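Presented below is the structure to which this report refers.
The values are calculated or read from the model by the stated rules, or taken from the named source; none is laboratory data. Since this is a predicted model, take the numbers as computed values, not measurements. Glycine also receives a Cβ, built like all others from the backbone with ideal geometry; neighbour counts cover every protein chain displayed. For the accessible areas, the whole protein counts, side chains as well, though only heavy atoms, and no ligand, DNA or RNA atoms are used. Shrake-Rupley method; radii C 1.70, N 1.55, O 1.52, S 1.80 Å.
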Amino acid sequence: MIGYEFGVLEPNASAAVRQTLLVAFYALFILAALAAWLLVLARAGSRAAEAETGHQTAMLLDEIAAHERTDAALQTAKAAAESANTAKSRYIVGVIHEIRAPLNAIFGYAQLLEAGGTLRPDEAIRTIRRSAAHLSNLVDGLLDISQIESGALHLHRDLVDFPDFLDQLVDMFRLQAQAKGIVFKDERARMLPRHVHTDEKRLRQILINLLSNAIKYTPKGEVRLNVQRRGLVTEFTIADTGNGIRPEDLAKIFEPFERGHLPASNALPGTGLGLTISKLLTEILGGEIAVESTPGQGSAFKVRLLLSEAQGAEAVAPPRRMTAYAGPRRKILIADDDADHVRLVSDVLLPLGFVVLSVADGPACLALAQDAAPDLIILDISMPFMSGLEVAGRCGRGGEGADLDGLGQSA
Ligand code: ADP
């Protein structure tokens, strides 16, 4: 436009002007292209930088979320560890409390007896014996619980003659109930299996705990053992018409040392461990235990267990009796100062074909072990002159040729 207008005004200079304008146009065009190119490059760079920043931010946010999750998990683990720690401390305080009361009684009465005075010795001795029995029950219960909790308890798969097993329980408790003037009812489903597989000792322990509680906490009326079977599940109900348990105590009574708060029940002796053990045992046998109770009317404990029925030949096979053993005659040395124990062990071993030697103390045992080189020595721990453990140590060191395997069991 400028070249054209200039050409109209100055026709002579129009060619030069057009030329100049054209050069200027191309120069500016190249500059503009360069500027546009730089601009595009800058935009692309900033977009890439923005994308990278976005990516980094997202990664950071992910990391923060992961840290939050880890932190939450750590907090939960910390809370669980703290509550386990508190529970353990409470348990230990409970143990100490339970041990201290009978110990104090023993200590106090022993001091009174020592000082002489007006105290009747038979009464003091009765209290001491009762307290010692309580301590012994406590120790047994605590051992059971620690064994179960540490997983050291090994379950057996016994073949149990079920009706006979129940008869034994009923015989044991019918007399106790009679002595207390209460009725014992034994109710069983008609189609109970003849033989079942379970850990006989542990099942008996559960039922004995529940039945002895039922009799203990029932001043009058009746205690009922009811056994039903649905499919493979056997349900034992131990019901009574006794003191009952307050609703607020129902959840707690399965915890160690919890004895509820019913005065009538608290007045009776107990460790507060029986139900804890029964519950733990029921659970490791794969079953469940439940309770329903009304104060003043009675309680019903239900144990549901999967008891598989033993079939055919397995069920009717008589227990295997050992009569002898194969291989060379083995020599066994018994060291025990109690002649009855020596006789008992000899009576078991001699008919099986063992050569049995016996001595009454440690030095004699060492001397005979040297001469006779027995295959096994059965040692009593407490013997005159030298303890069984010391004898075992010397035999081990001297290498008398005695095989000390199984010494742990005999000890
Ligand atoms: P213990 O009998 O040694 O006190 P347990 O753990 O066996 O300990 O029982 C805990 C508590 O539960 C008892 O102290 C008692 O208060 C209550 N209890 C258990 N069984 C019965 C029952 N059959 N009737 C009433 N109370 C019961």
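Students often get this wrong: which residues of the range 1-32 have the backbone nitrogen under 16 Å from the point 7 angstrom along Cα-to-C-beta of L39? The answer is 28-32, whose backbone nitrogens lie closer than 16 Å to the label point.
Between the Cα long axis of helix 362-372 and the first principal axis of the chain there is an angle of about 90°, rounded to the nearest 10.
Going through the cross-link list K252/K302; K180/K252; K216/K252; K78/K279; K216/K302, which pairs have a Cα-Cα distance over 26 Å in this structure? Spell out each step's value before the answer.
Values: K252/K302 16 Å; K180/K252 28 Å; K216/K252 19 Å; K78/K279 28 Å; K216/K302 17 Å.
Cα-Cα > 26 Å for K180/K252; K78/K279; rest within.
In this structure, the amide hydrogen of I377, modeled 1.01 Å from its nitrogen in the peptide plane, lies closer than 5 angstrom to those of L333, D403, counting only residues at least 5 positions away or on a different chain. Annotation: peptides 152-163, 384-395, ranked by per-residue average of other Cβ atoms within 10 Å with the highest first, follow the order 384-395, 152-163. Full extension of the chain segment joining Q178 with D371 gains 63.5 nm, where the gain is 0.36 nm per residue of separation less the Cα-Cα distance.
Can you give the translational diffusion coefficient of the range 158-309 in µm²/s, computed by Stokes-Einstein from the Kirkwood radius over Cα pairs at 37 °C and 0.692 mPa s?
210 µm²/s
Dividing the mean sequence gap of close Cα pairs (under 8 Å, 6+ apart) by how many residues the chain holds gives a relative contact order of 9 percent. Over the chain, accessible surface divided per residue gives 62 Å², non-protein components excluded, 1.4 Å probe.
The calculated FRET efficiency for the pair N226 and L389, based on their C-beta separation and a Förster distance of 45 Å, comes to about 0.35.
Extending 7 Å from Cα along the Cβ direction at R126 and again at D171 yields two label points whose distance is 3.1 nm. Can you tell me what the convex hull of the Cα atoms of the range 107-190 projects to on average, as an area in nm²? About 10.1 nm², averaged over all directions. Pairs of C-alpha atoms in the chain farther apart than 37 Å represent 58 percent of all such pairs. What you get for the chain, charging only the Cβ of Lys and Arg (+1) and of Asp and Glu (-1), is a dipole of about 1000 debye around the Cα centre. How far is helix 162-180 tilted off the main Cα axis of the chain, in degrees rounded to 10, range 0 to 90? The angle comes out at about 70 degrees. Working from Cα pairs under 8 Å separated by at least six residues, relative contact order for the range 170-235 is 46 percent.
Remark: the I96-L250 segment gains 53.0 nm on full extension, using 0.36 nm per residue and subtracting the alpha carbon distance. Can you tell me the FRET efficiency between V355 and T86 if r is taken as the Cβ-Cβ distance and R0 is 45 Å, rounded to the nearest 0.05? Step by step, r from the Cβ atoms, then E = 0.15. If I build a Gaussian network model for the chain, linking alpha-carbon pairs within less than 10 angstrom, which residue out of A15, A84, A251 has the largest mean-square fluctuation? Sorting by GNM fluctuation, first place goes to A15. With a Förster radius of 60 Å applied to the beta-carbon distance between D186 and A72, the computed FRET efficiency rounds to 0.65.
Each residue, A324 and R204, gets one label point 7 Å from its Cα in the Cβ direction; the gap between the two is 3.2 nm. P(r) for the range 1-153, from all Cα pairs and a bin width of 5 Å, is 2, 7, 6, 7, 6, 6, 5, 4, 4, 4, 4, 3, 3, 3, 3, 3, 3, 3, 3, 3, 3, 3, 3, 2, 2, 2, 2, 2, 1, 1, 0 %, short bins first. Projecting the Cα atoms of N209, A44, S382 onto the charge dipole of the chain (Cβ charges, centred on the Cα centre) puts N209 farthest toward the positive pole.
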